[in-house]
Each structure stands twice: as structure tokens, then as C-alpha cells.
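The values are calculated or read from the model by the stated rules, or taken from the named source; none is laboratory data. Please read these numbers as outputs of a predicted model, since none were measured by experiment. Glycine gets a Cβ as well: all are built from the backbone with ideal geometry, and neighbour counts include every protein chain shown. Heavy atoms of the whole protein, side chains included, go into the accessibility calculation; ligands, DNA and RNA do not. Shrake-Rupley method; radii C 1.70, N 1.55, O 1.52, S 1.80 Å.
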Amino acid sequence: FVVGLVLALLLDPLVTRLEAGKMSRGAAVGIVYSVFLFVIIGVATLAIPALIGQASQLAANGPKNIATLQGHVDTFLKQHQTIAGIPMPVTVNSLSTQISAKASDLLSNSAGKITGFLFGSVTILFEGIIALIITFYLLMDMDRLTARLFYLLPAKSRGMFDSVARQIGQVFSNYLRGLLIVSALYGVGTLVLLLGLSTLHHDLLHYALLTAVAGGLLYTVPYIGPFITAFITFLIAFAAGGMNFGLVAVLLTLVMNQVYDNIITPRIVGGGVGLHPIASLFALTFGGAVFGVWGMLLSVPIAASIQVILYRLFPKLTTPTPASFLEAQETPVRTTIQTDS
């Protein structure tokens, strides 16, 4: 139901635009929904078989690659008794063995779960079909459901509720739509990067698509996801071409992260949720600790929605701190900041 509602909210603006062109609601929904299904089925048909093969190969070769990486680390530590003046522990070999064993188990189990998920099950398929059906009916009745909700509210509260609901809806739709576009672009960027690097070491092609899809999905988790992608890229590049090749790959990935974080994402997502970076980090940390992955994905727009409500209840929060007050507190006046959070 959550997936169906999110999809309906993302597709509804397209339906509304077609309706504005004198098209009936049913016809607009039919066109938008048909194109959406065509894209989903096409992508699944082309990508899933390749992802299954790459995940299976990762499950088979992962432990060997981790063991190779451990050997490189052990050799490096033997050649460098101290790093930046800090002596290395003498028990690092046994420690690295334990870490590499756990990493191998984790990699094998994770890849096995990915393979099992991609092969699919009756339950997953059934839930996917139900989500698509829910999306269709919500699209068909979105306007009537909204009108019904307003009808059930007290007349004196409808104006305020309409204003707040529109602002919250705008925050969610802008954030989710922008994040979806940016994540897709990030996945494509990761794939292009790996395909380019595979001209140097062909073995990188074995995991390129799987890493790109994982990178696109992980990018939906702010701040943390791109660094996990960089680490995964290092591991597969190391497996394909050794330590130096892995370092080059992770360096290029970090550069790509900076381009997306500072240029592409702000332009598309637009920082439109209006949260201070500290508030975003707090929301992300709290959401992840309490609600797991879903909490990390939805914590930022939910926090922005709470901010919308607080601004409505306490209008003073929307006004900047007067310069005279800041000067009295011996606080520098920063003209580049429009509002204080």
C-alpha cells in the first residue's frame, strides 16, 4: 500500500497535466499508467537476467577476492611497521583473518540473498501486482478521495488544512521525484564509469550492472549511500585489477559523488525541503535508528513536513534573527543565510 501510494503521488501530476488539456481523467490515467507499465516491464526484462548472473558470480567469487585483499593488507603492514608514527599492533594478522572471514560470509550471504530476491518468489510477485493495482485505483480516484477528505473536515478548518496539506504534499512530491531522477542518473553514471574502467580490466564488466543498480538504490540514502557505493566499487575494481586499480576506481567514484552532491542533486532535488544540514543529519540518524532503511529514506521529507507545520503554528520561526540582536550577542551577521534554523 505504501509503494502504491508513493507511485500514485509521483504519477498524479502527469495525469493532472493531461487533464488540463481537456482529456478525461480515465483516458489520462490510462495513458500514464500504460507508459509506466511498459517502462517497468521493459527494464525488468532487460536487467533482471543480467543481475541474476552477476549476483551469482559475486556469491561464488567474493570470498576468494576478500582473501586476496587480506593478503595485500598483510603484505603492506609487514612493510610498514608504523604509519604516521603510530606502531601497528602485532596481532593484526589474526584480527584481519577474523575480519576477512566475517566479510566473506557477509558478502556470500548478501549476494545469495540478492540472487534469491532477483529470482523472485510468488509472494514478491503477488505483492508487486497488488501494489500496481493499488496505484491504478488511487490514480483513478485521487481527486474524489481528496474532495471526500475535505468534506469530512470542519468547514472552518478546510482552508488551513488545504494550505498545510499542499505544502507538505509539495515537499514530499518534489523530494521523492527529484531523488528518483537523481538516483537513476547516479546509477547510470556509475555504470558509465565502470564500463570506461573495464577497457583497462575486462573482468570489471562481471559486476558493472549489479554495482550500478546498487549505487542507484544506495544514493537514495543521503550522505551514507554514496560512500558505501565507493567502497563496493573499490572491492570489485580490486578484484578485477589489483590494489592500484581499486584505488583509481574509488578515487573516480568519490569525484563523481562530489559532482552529484554539489552540482546535479541540488539542481534537481533543489534543496527544496528547506532543512538545515544539521536537521537533515539528525532526521536521517533518528529515522535509521528507529525505523531502519525506510526511516532513512523518508526521514528527511517527514522532518521537512514537521517543519512546515511548526512554521504554521509559530510564524516567528520563519523570520530571520534581527541583525541588531545578533550584534548585541556579539554574533557575526551572515548575509548569505536567509533564515535561521
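Residues Glu127, Glu330, Glu19, sorted by accessible area with the largest first, give Glu330, Glu127, Glu19 [1.4 Å probe; ligands and nucleic acids excluded]. Available extension along the chain between Leu10 and Ile41 is 9.4 nm, counting 0.36 nm per residue and deducting the alpha carbon span. Spacing of the modelled spin labels on Leu281 and Ala27, each 7 Å from Cα toward Cβ, amounts to 5.3 nm. Legend: residues His202, His276, sorted from most to least accessible area (1.4 Å probe; ligands, DNA and RNA excluded), read His202, His276.
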